[in-house]
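Read the structure below first, then the notes.
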Amino acid sequence: DQMSIAIQRAATANAGLDQTVCASGPQVQLAGSVGGTAVGGTWSGGAGTFSPSAAALNPIYTPTAEEIAAGGVNLTLATNDPDGPCLAASDQMRVTINAAATANAGPDQAVCASSPQAQLAGLAGGAAVGGAWSGGAGTFSPGASALNASYTPSAGEIAAGGVTLTLTTQDPSGPCPAV
């Protein structure tokens, strides 16, 4: 007498690599895959939305405001429970959400032509740790990279009646751009 033993492949799940995104554009293209005897999978672990659905292996995940504020979310891809003796499988990945850079040049100012020096009060925040002023032909003291520099307009700017200055953050590390 003989008997046959069928050996089924175990289900596998791969949630893809961990990803880092910027809070100003936090949508994440997921890259899940399943194998073995698994024929599908479902994403879970986040309170955000999966588009087109959590049952798609490669959906776009949009985190909630709470997940953005917390700096990230863990997502899990679990396979369906395949027929036979093999169990479902799962894999987890992390979405890290970096704070976006912010810049605030301060309020508009009016100065007198006889003493036109303006005290700047710029702020850089979020992922930015510094910035630089641009846009004028005058002088910045101690320099254009000092957020609280003093600006002395050029003679042409005084004659024109004004100047517009721009504060731009440095380019922070990671996926967030300068602003």
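What the table below lists for this structure:
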read-out: Candidates Ser134, Ser154, filtered to the one that is without any contact (Cβ under 8 Å) to a residue 24 or more places away in the chain, out of contact with any helix residue (DSSP H, G or I) (no Cβ under 6 Å at 6 or more places or on another chain), hydroxyl-bearing (Ser, Thr, Tyr) and open to solvent by less than 70 Å² (accessible area, probe 1.4 Å); value: Ser154
read-out: Qualifying positions in the range 137-151 - in contact with a Gly (Cβ under 8 Å, 6 or more places away or on another chain) and surrounded by 18 or more Cβ atoms within 10 Å (Cβ to Cβ); value: Leu147, Ala149, Tyr151
read-out: Residue among Ala11, Ala31, Ala55 that is buried (at least 16 other Cβ atoms within 10 Å of the Cβ) and farther than 17 Å from Asn98 by Cα; value: Ala11
read-out: Check on Ser154, over 30 Å from Ala15 (Cβ atoms) and hydroxyl-bearing (Ser, Thr, Tyr); value: yes
read-out: Single unsatisfied condition, Gly136 versus (1) part of a strand (DSSP E or B); (2) at pLDDT below 95; value: (1)
read-out: Pairs with Cβ under 9 Å, 6+ apart, first in the range 22-46 and more than 20 Å from Cys86 (Cβ to Cβ), second β-branched (Val, Ile, Thr) and assigned to a loop (DSSP other than H, G, I, E, B); value: Ser24/Val179; Gly46/Thr64
read-out: Elements of type strands (runs of 3 or more DSSP E) in the range 1-110, at least 3 residues being over 16 Å from Pro175 (Cβ atoms); value: 12-14, 33-35, 41-44, 49-51, 72-79, 90-98
read-out: Hits in the range 120-133 (condition: more than 16 Å from Asp171 (Cβ to Cβ) and either modelled with pLDDT under 95 or among the hydroxyl-bearing types (Ser, Thr, Tyr) (or both)); value: none
read-out: Cβ-Cβ under 8 Å pairs, at least 6 apart or on other chains, the range 101-116 side on the phi > 0 side of the Ramachandran plot, far side open to solvent by 80 Å² or more (accessible area, probe 1.4 Å) and part of a strand (DSSP E or B); value: Gly106/Leu123
read-out: Test: residue in the range 70-81 that is farther than 29 Å from Gly40 by Cβ and free of Cβ contacts under 8 Å to residues at least 40 places away in the same chain; value: yes
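Each row is one residue, and each column tells you yes or no for (1) over 30 Å from Gly45 (Cβ atoms); (2) touching a Leu at 6+ places or on another chain (Cβ under 9 Å); (3) buried (at least 16 other Cβ atoms within 10 Å of the Cβ).
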| site | (1), (2), (3) |
| --- | --- |
| Ile68 | no, no, yes |
| Gln92 | no, yes, no |
| Asp108 | yes, no, no |
| Gly161 | yes, no, no |
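The values are calculated or read from the model by the stated rules, or taken from the named source; none is laboratory data. This structure is a prediction, so every number in the text was calculated from the model and none was measured. In this analysis, Cβ positions are derived from the backbone assuming ideal geometry, glycine residues included, and neighbour counts consider all displayed protein chains. These area figures cover heavy atoms from the full protein model, side chains too; ligands, DNA and RNA do not enter into them. Shrake-Rupley method; radii C 1.70, N 1.55, O 1.52, S 1.80 Å.
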